[in-house]
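Chemist: One structure, as C-alpha cells, below. Some questions next.
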Amino acid sequence: YAKSTGSTFCSKCAAGKFSATTGSSSPNVCFECGTGQYSTVDGATSSATCLTCVPGTYAEIGGLANCRECESGTYSAVEGAVSSTLCTKCAAGLFSGFTGADSENTCVSCGKGTYSQEKGASSDATCITCTIGKFSPNQGASICTECPATNASCAVCLDGKYLPVTAPTSLSECLYCEACECNAGFTLLE
C-alpha cells in the first residue's frame with residue numbers, strides 16, 4: 001500500500017499481517033493473522049504465511065510476528081494456543097527452568113528428603129529440606145511425612161556414627177565418626 005495518493009513508494013504489510021490487495025493507499029488493507037497464529041514474513045500477500053503457534057507458545061492477539069513462550073515453571077502441549085492460561089503449571093514437588101516448554105516431562109522433581117508446595121516453580125530453590133522428625137523417601141514430594149517409630153528412614157544412627165544431612169532417606173547415609181565431639185552434657189560411648 002502507498003501511504004498517500006501519488007506516492008512512488010509502497011509500504012509492505014508488517015510481519016504478522018498480510019494483504020492480497022494492490023494499489024491501495026491505506027494500511028487498512030493489511031489483515032492480521034488470527035489469535036494462535038504468527039507470521040515472520042514482511043509484505044505477505046496471503047494468509048498462508050500465518051502459521052500456527054507450536055506447543056509451548058501462544059498468541060493472545062492477532063498480528064504477531066512471533067508467538068509468546070509459556071513462562072518457566074509451566075508447559076503447554078496445545079498447538080495454536082490463544083492464551084497463557086493454556087500454559088499448565090508444574091505440580092507441587094516439581095519445577096522447570098525452561099521457557100516455551102511443551103511437555104510435563106520438562107518439570108523436574110525435587111530430590112528425596114525435600115519437598116515443595118509451590119505450583120509453577122521455576123527453580124529448585126523452592127525445594128525445602130524436610131525438618132528433623134519428618135522425611136520424604138520419594139522424589140517430587142509436596143509434603144514431608146512425620147516419622148513413625150518403625151521407619152528405618154527416620155531411625156537414629158547407631159553409636160559411633162553420625163548423619164551429615166538433615167533429611168535422611170536411609171540409614172546408609174550414617175557415617176562413622178573419626179573424632180566425634182559430644183554436645184554439652186553428653187559423653188562419648190566407647
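The values are calculated or read from the model by the stated rules, or taken from the named source; none is laboratory data. Note that the structure is predicted; figures quoted are calculated from it, not measured. Cβ coordinates were reconstructed from backbone atoms using ideal geometry, including for glycine residues, and neighbour counts include every protein chain displayed. Surface accessibility is based on the protein's heavy atoms, side chains included, excluding ligands, DNA and RNA. Shrake-Rupley method; radii C 1.70, N 1.55, O 1.52, S 1.80 Å.
Chemist: Please determine whether any residue of the range 12-28 is of a type in the set (F, W, Y) and closer than 30 Å to A121 by Cα.
Modeler: No: the range 12-28 contains no residue that is of a type in the set (F, W, Y) and closer than 30 Å to A121 by Cα.
Chemist: Sort out which residues of the range 18-46 are closer than 14 Å to G62 by Cα and either at pLDDT 95 or above or among the acidic types (D, E) (or both), and write them in order of number.
Modeler: Listed by number, the residues that qualify are E32, C33, G34, T35, G36, Q37, Y38, S39, T40.
Chemist: For residues in the range 37-51 being in a loop (DSSP other than H, G, I, E, B) and among the small types (G, A, S), which is surrounded by the fewest Cβ atoms within 10 Å (Cβ to Cβ)?
Modeler: Result: S46.
Chemist: Exactly one of these conditions fails for C157: (1) modelled with pLDDT of 95 or more; (2) open to solvent by less than 30 Å² (accessible area, probe 1.4 Å); (3) among the hydrophobic types (A, V, I, L, M, F, W, C). Give me its number.
Modeler: Result: C157 passes all but (1).
Chemist: Exactly one of (1) buried (at least 20 other Cβ atoms within 10 Å of the Cβ); (2) at pLDDT 95 or above; (3) among the hydrophobic types (A, V, I, L, M, F, W, C) is unmet by V82. Its number?
Modeler: It is condition (1) that V82 fails.
Chemist: Those residues that are outside any loop (DSSP other than H, G, I, E, B), within 29 Å of V41 (Cβ to Cβ) and touching a residue at least 24 places away in the same chain (Cβ under 8 Å), I need them from the range 75-90; list them, please.
Modeler: Residues satisfying the conditions are Y75, A81, S84, L86.
Chemist: Shifting gears a bit: Return the residues of the range 91-129 that are open to solvent by less than 70 Å² (accessible area, probe 1.4 Å) and either free of Cβ contacts under 8 Å to residues at least 12 places away in the same chain or among the hydroxyl-bearing types (S, T, Y) (or both); say none if nothing qualifies.
Modeler: Correct list: S96, S103, T106, S109, T114, Y115, S116, S122, S123, T126, T129.
Chemist: Take the residues of the range 52-73 that are in a strand (DSSP E or B) and in contact with a helix residue (DSSP H, G or I) (Cβ under 8 Å, 6 or more places away or on another chain): which is surrounded by the fewest Cβ atoms within 10 Å (Cβ to Cβ)?
Modeler: R68
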